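Below you'll find the structure, written out as structure tokens, and then a few comments.
The values are calculated or read from the model by the stated rules, or taken from the named source; none is laboratory data. Everything numeric in this text was worked out from a predicted model, so none of it was measured. Using ideal geometry, Cβ is built from the backbone for each residue, glycine included, and neighbour counts are taken over all protein chains shown. To get the accessible areas, we keep the full protein, side chains included, count just its heavy atoms, and leave off ligands, DNA and RNA. Shrake-Rupley method; radii C 1.70, N 1.55, O 1.52, S 1.80 Å.
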Amino acid sequence: MKHELKTAVFPGSFDPFTTGHDSIVRRALPLFDRIVIGVGVNIDKKYMYSADKRVEDITRLYAGEPRVEVKAYGDLAVDFARREGARFIIKGVRSVKDFEYEREQADINRKIGGVDTLVMFTEPHLACVSSSMVRELMHFGLDVSEFLPEKLREL
């Protein structure tokens, strides 16, 4: 019997990519043959870092892991998943509020695209970490290194 490559996408803005995001990817790796981190681009949204920089930084973080790819996308996550041949979307959830939002998205993605969502709960010690929180702390000149993967702290 031929082995079907199990691919998942992990979509998000990742502005910046945090220790929480990294934890989700590393915990999901044993479940999939290939994970494509999708760096979302929305022309109506203002980002701290360009899509090219976000893709470059995350690619550098996973340089030693051939099962992880990083690509930008500007359409629906479910369309990105289909283009990548992914049957699964990975989402990290920190709270009940996150869960309700992601459950609604998962229902729609399954209905319109036949793509299932794997919800992974954030490790408790990372539940307070979000890209928006990191951006706000950076704006006020605070040290955010503990919230960024080690390889991204110097970038």
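Values as computed for the structure displayed
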| item | result |
| --- | --- |
| Hey, Glu84 of a type outside the set (Val, Ile, Thr), open to solvent by less than 60 Å² (accessible area, probe 1.4 Å), at pLDDT 95 or above and over 13 Å from the mean Cα position of the chain (by Cα) or not | yes |
| The range 52-69, subset assigned to a loop (DSSP other than H, G, I, E, B) and modelled with pLDDT of 95 or more, residue nearest to the chain's Cα centre (by Cα) | Tyr62 |
| Residues of the range 41-66 classified as of a type in the set (D, E, K, R), touching a helix residue (DSSP H, G or I) at 6+ places or on another chain (Cβ under 7 Å) and open to solvent by less than 90 Å² (accessible area, probe 1.4 Å), total | 1 |
| Residue count for the range 98-155, restricted to those that are on the phi > 0 side of the Ramachandran plot and open to solvent by 60 Å² or more (accessible area, probe 1.4 Å) | 1 |
| Residue that is nearest to the chain's Cα centre (by Cα), among those in the range 1-51 that are among the small types (Gly, Ala, Ser) and assigned to a loop (DSSP other than H, G, I, E, B) | Ser13 |
| Index of the failed condition, Cys128 passing every other in (1) part of a helix (DSSP H, G or I); (2) modelled with pLDDT under 95 | (1) |
| Cβ-Cβ under 6 Å pairs, at least 6 apart or on other chains, the range 117-145 side more than 15 Å from Asp22 (Cβ to Cβ) and in contact (Cβ under 8 Å) with a residue 24 or more places away in the chain, far side open to solvent by less than 50 Å² (accessible area, probe 1.4 Å) and in a loop (DSSP other than H, G, I, E, B) | Met138/Val144 |
